[in-house]
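One structure is given here, and the rest of the page talks about it.
The values are calculated or read from the model by the stated rules, or taken from the named source; none is laboratory data. Just so you know, these numbers come straight off a predicted model, no measurement behind them. Here the Cβ is made from the backbone with ideal geometry for all residues, glycine too, and neighbour counts use every protein chain on show.
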Amino acid sequence: MIFAHGSLLPDSRLPGLLAGLEGELNAALAGPPLPAETVLAALDALGRRLAAGEFDALLRRFLPAGELARLGEVLPLFTRDVLEEKLRAELGPERFSPRERRQTTARFLPLGVLLHVAAGNQPGLGLFSVAEGLLTGNVNLLKLPREDKGLSLAALSLLTEAAPELAGFVYAFDLPSSRTAELTALAGLADGIAVWGGDGAVETFRHLAPPGCRLMEWGHRLSFAYLSGPPAAQELDALAAHIAATGQRLCSSCQVIFLDTGDFSAARAFAEAFLPRLERAVLARRTGPWESARAALSGYTAFLERVTAGREPGEAFFRGRGCSVTARPDRELELSPMEGNVLVKPLPRSELLPVLRRQKGRLQTAGLLCAEEEREALTALLARAGVTRITRAGRLSDAFPGEGHDGEYPLRRYLRVVDVEN
């Protein structure tokens, strides 16, 4: 399906739509600017209706129960208070107001046309990316991920129903990555491309982006927990709950639990002791047999791959119901088997920076478990190593009003500055 002109259209309309799309985009850009207040009111109204459960029956058509719960974690981002805080944090109290200089006036205008390439690991991500484009007054083209079974199309329909004036600023296309001709056409119309996804998606759109097109790479990132000193039981339970809740599918999900020690036997002992906590969290979170089966399959697959490839000397694998904990003696940050299957490794703080620097550009969130008197020093060390987000262990994937994304403020990247001589 296609979303255009505020309506859902069949895929058969795509050739005709692409043929006239440049003219439509130019007309939107030449028309009156899109007021931020219009966008704020529409997003806030949509968020309130979703949060009130008004569309739960509709949403169940697009999402399994576990994914519907995860969508609920995103909905607070669509409230007016959070969106206004985002605008203040990223653009300052003056927002889009002109800034008077000695000889010029700086005007802040939309970049123009944004192409959003959404990833499928977080429900509502496509809508959120489009919302950022609308808040900065851009015209938005959304490439839907394969995993989106209609959620974004339904949400965009509701959004433009609440504010019909947004219809000329939003288009969505259910195009697979193999449709390179159509994707090249969309990329050729864009002033900027925001890519949410893995290395393959980023590389694809680097090649498709025309010269001068701004490429915003919100690619896949790696996150971890860092534990120094004896942890509090409630913090370990919160970390286990986070691993179970996210399935480790988000960029902010914990893939590895690093211990501030060079002693592998301590990592092995921690892994064995952590398993019962993780098992309790996983069993409490599973909403159906398919989730347990997926977790078990991920764990068994990872175990068999390690056996086939040859396990490292001393590696210890602890299997629970629907989850596992693997202790490895190496120091590397890597992707875990996910779905409740986490890695534990020793990493003394003296080696933390050089180890994490080997993943520079891929680091995102660190969940820090330590004594309060150690927190500031370890926070500074993690930040110098390249981590862009530091939280409590159980809050790695929580959203905080006004926070950056991968070390940047996206709204700033979706604007351009025009200097006008006074």
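Things to note:
- Unique match (being surrounded by fewer than 23 Cβ atoms within 10 Å (Cβ to Cβ) and within 17 Å of the chain's Cα centre (by Cα)) among 145, 164: 145
- Any hit, the range 179-201, residues being on the phi > 0 side of the Ramachandran plot and either buried (at least 20 other Cβ atoms within 10 Å of the Cβ) or β-branched (Val, Ile, Thr) (or both): yes
- Residue 279 vs. criteria buried (at least 21 other Cβ atoms within 10 Å of the Cβ) and at pLDDT 90 or above: yes
- Scanning the range 185-231 for residues that are without any contact (Cβ under 8 Å) to a residue 40 or more places away in the chain and among the acidic types (Asp, Glu) turns up 199, 203, 217.
Table: residues versus (1) buried (at least 18 other Cβ atoms within 10 Å of the Cβ); (2) out of contact with any strand residue (DSSP E or B) (no Cβ under 9 Å at 6 or more places or on another chain); (3) not assigned by TED's automatic domain parsing to the domain that holds residue 255.
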{"site": "323", "(1), (2), (3)": "yes, no, no"}
{"site": "339", "(1), (2), (3)": "yes, no, no"}
{"site": "343", "(1), (2), (3)": "yes, no, no"}
{"site": "350", "(1), (2), (3)": "no, yes, no"}
{"site": "371", "(1), (2), (3)": "no, yes, no"}
{"site": "378", "(1), (2), (3)": "yes, no, no"}
{"site": "397", "(1), (2), (3)": "yes, no, yes"}
{"site": "413", "(1), (2), (3)": "yes, no, yes"}
{"site": "416", "(1), (2), (3)": "no, no, yes"}
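- In the range 75-191, counting only helices (runs of 4 or more DSSP H) that sit wholly within it, the ones holding 2 or more residues that are of a type in the set (Gly, Ala, Ser) span 125-135, 151-162, 180-189.
- Long-range neighbours under 6 Å by Cβ, at least six apart or interchain, first residue within 20 Å of residue 100 (Cβ to Cβ) and in contact (Cβ under 8 Å) with a residue 12 or more places away in the chain within the range 396-422, second crowded, with 18+ Cβ neighbours inside 10 Å and not charged (D, E, K, R): 415/108; 415/136; 416/111
- Filtering the range 148-161 to residues that are within 20 Å of residue 53 (Cβ to Cβ), hydroxyl-bearing (Ser, Thr, Tyr) and surrounded by fewer than 24 Cβ atoms within 10 Å (Cβ to Cβ) leaves only 157.
- Taken over the range 369-399, the criterion of being among the charged types (D, E, K, R) and under 25 Å from residue 85 (Cα atoms) is satisfied by 389, 392, 395, 398.
- Subset of the range 92-118 that is of a type in the set (A, V, I, L, M) and closer than 27 Å to residue 206 by Cα - its residue that is surrounded by the fewest Cβ atoms within 10 Å (Cβ to Cβ): 109
The rows are residues; the columns are (1) more than 24 Å from the chain's Cα centre (by Cα); (2) more than 25 Å from residue 92 (Cα to Cα); (3) among the small types (Gly, Ala, Ser).
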position: 336; (1), (2), (3): no, yes, yes
position: 340; (1), (2), (3): no, yes, yes
position: 343; (1), (2), (3): no, yes, no
position: 350; (1), (2), (3): yes, yes, yes
position: 362; (1), (2), (3): no, yes, no
position: 370; (1), (2), (3): yes, yes, no
position: 389; (1), (2), (3): no, no, no
position: 396; (1), (2), (3): no, yes, no
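- First in the range 88-112 and touching a residue at least 40 places away in the same chain (Cβ under 8 Å) and closer than 22 Å to residue 169 by Cα, second anywhere and small (Gly, Ala, Ser) and loosely packed, with under 13 Cβ neighbours inside 10 Å, Cβ under 9 Å, 6 or more apart: 108/97
Matching residues to (1) out of contact with any Gly (no Cβ under 8 Å at 6 or more places or on another chain); (2) modelled with pLDDT under 95; (3) farther than 17 Å from residue 332 by Cα; (4) assigned by TED's automatic domain parsing to the domain that holds residue 378:
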residue	(1), (2), (3), (4)
229	yes, yes, yes, yes
236	yes, no, yes, yes
245	yes, yes, yes, yes
249	yes, yes, yes, yes
260	no, no, no, yes
267	yes, no, no, yes
272	yes, no, yes, yes
287	no, yes, yes, yes
290	yes, yes, yes, yes
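- Filtering the range 194-227 to residues that are among the β-branched types (Val, Ile, Thr) and more than 29 Å from residue 331 (Cβ to Cβ) leaves 195, 204.
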